[in-house]
Amino acid sequence: MSAPIEFNLSKEPIYDHCFSQDKQTVAITKENTVEIYNVASRAQPKLIATLSGHDKTVTALDINAKGQIVTCSQDRNALVWDKQHDGTYKPTLVLLRINRAATSVKWSPNGEKFAVASSARVIAVCYFEDENDWWISKHIKKPLKSTILSLDWHENNVLLAAGSTDGHVRVFSAYVKAVDKKPPPTVWGERLPFQTLCLDSNLRSWVYDVKFDPSYQFLAAVTQDGSIHFIYPGPGDQEVEGVFTVKNSTLPFKTLLFVNSG
Amino acid sequence: MEQDWRRIDVDAYDPDQQYQPDPIDVPVYTLQALEPKLQQIRGLLSRGSALDSLRLAIDSPPYADEPSVKKQYLLGVLEVLNNIKQTEINGVIKQLTLDEIDVLIKFVYSLMALKEGQKSGGVLLGWFDKTIEAVGEGPVVRYLSDPLKL
């Protein structure tokens, strides 16, 4: 196995990071700001931009294929940053209407919407409304009972998996009429109006991270009890066909990632 | 009277924000129903099959019962743990599955909280120490995060 490449970019904790599409730049969170580094030269990362706009710690960020950066913070706001011709970034405030900190944010695969997970027991799905020239958020509330810590989009830009501290992994439909076309039926469900619950699996301890597998047929989740779970949906409505749990003898995992579909 | 308004728990007054944890889906045993099982555990122990006695105690413990019932069950388990010699502990641990070890650690923690258990503190710590050495911190993490508690 090759040695990992190390970038020493910050003395403060990095809550989240994201590489750009071409992997030449990386954005990291740094307290209330986001710093963007050019890492083309591995030995000498260069700071190329600092995004300041949040009043409290930035908890998550994501970059879409168009290069737009969305950041969310403990100040209960999200900002969408657009790159200007001179290399600076201009922020646009997104009114999330949440009354607790935002914990995670992810662009949908086509970059038209993003979902913000929060401690307000709400997922805010945000899309850009052209007529009013601003970002609007729609809330997914039921049946979330506690902080949502992680999100993952399905490739069809409609289904959203969420892992929460109430021990549940859920798959919701985040279909927005203004932005999405009706998706073809998948193993997760057919008729998918906004906020439809497609799957709800109780894993009994805090879910730290949830991911769709590369073929989008099942979910994987890591929880506070130190196990990795694989959740397979069944043919019926909200049916769970099987949950396989791999118990682990170390302290709990915080994130997971599918490396390949082998 | 000036109340410390910054420390008011606003969520307690909001009907929307009351957190209901998921219901525990385990059968409730009565003390009478548990008596024969406890007798069996004691019997196996006196006959010398300590491992089987422990296995029986680990199988479906009364997670959903009243604290008084749980206490009686735990005292039965304490007898078993006390009667297995220090030298035999490693052998016993090797023969238990990971799931059984998780329950064993739950027993040890719950027993440490009882006065009777604290009297055998050394024995309990010995069990805890050897188990974690053999298996890792997994059972401790699972004890902390499991809604099913003894």
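The values are calculated or read from the model by the stated rules, or taken from the named source; none is laboratory data. For clarity, every value in this text was computed on a predicted model and none was experimentally measured. All Cβ positions, glycine included, derive from the backbone under ideal geometry; neighbour counts span all protein chains shown. The protein model used for the area step is the full one, side chains on, heavy atoms only, and it has no ligands, DNA or RNA in it. Shrake-Rupley method; radii C 1.70, N 1.55, O 1.52, S 1.80 Å.
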Could you size up the charge dipole of chain A around its Cα centre, putting +1 on the beta carbon of Lys and Arg and -1 on that of Asp and Glu, and report it in debye to the nearest 20?
380
When Cβ neighbours within 10 Å are restricted to other protein chains, what is their mean count per residue of peptide A:222-228?
4
Once each part is reduced to its C-alpha centroid, what is the distance from region B:111-150 to region A:141-213 in angstrom?
37
Pick from A:Asp86, A:Asp130, A:Asp200: which is most flexible by mean-square fluctuation in a GNM of chain A where alpha carbon atoms under 10 Å apart are linked?
A:Asp86
Taking chain A as a Gaussian network, Cα atoms linked when under 10 Å apart, which of A:Lys11, A:Lys247, A:Lys46 shows the biggest mean-square fluctuation?
A:Lys11
Leaving out ligands, DNA and RNA, calculate the buried accessible area for the pair B and A with a 1.4 Å probe, summed over both sides, in Å² to the nearest 100.
1500
With springs connecting C-alpha atoms under 10 Å apart, model chain A as a Gaussian network and identify which of A:Ser20, A:Ser201, A:Ser41 has the largest mean-square fluctuation.
A:Ser41
Just the number please: accessible area per residue for region A:17-205, 1.4 Å probe, all protein chains included, in Å².
45
Contact-by-burial set, region B:123-138, min loss 10 Å², accessible area of protein heavy atoms with 1.4 Å probe, reference chain alone, gives B:Val135, B:Glu137, B:Gly138
Compute the distribution of all C-alpha to C-alpha distances in chain A, in bins of 10 Å from 0, and list the percent of pairs in each, rounded to whole numbers.
7, 29, 36, 22, 6, 0
Can you work out the accessible area per residue across region B:1-121, with the rest of the protein chains kept in place, probe 1.4 Å, in square angstrom?
63
Mind checking the mean number of beta-carbon atoms from other chains within 10 Å of the Cβ atoms in A:205-214?
1
Considering only protein heavy atoms and a probe of 1.4 Å, how much of the accessible area of chain B is carbon and sulfur, as a whole percent?
53
Listed residue (B:Leu44, B:Leu75, B:Ser110) projecting farthest to the positive dipole end of chain B, Cβ model
B:Leu44
Using a 1.4 Å probe on the protein chains only, how many percent of the accessible area of chain A belongs to carbon and sulfur?
50
Long pairs among A:Lys142/A:Lys211; B:Lys106/B:Lys130; A:Lys106/A:Lys142; A:Lys182/A:Lys254, criterion Cα-Cα beyond 24 Å
A:Lys182/A:Lys254
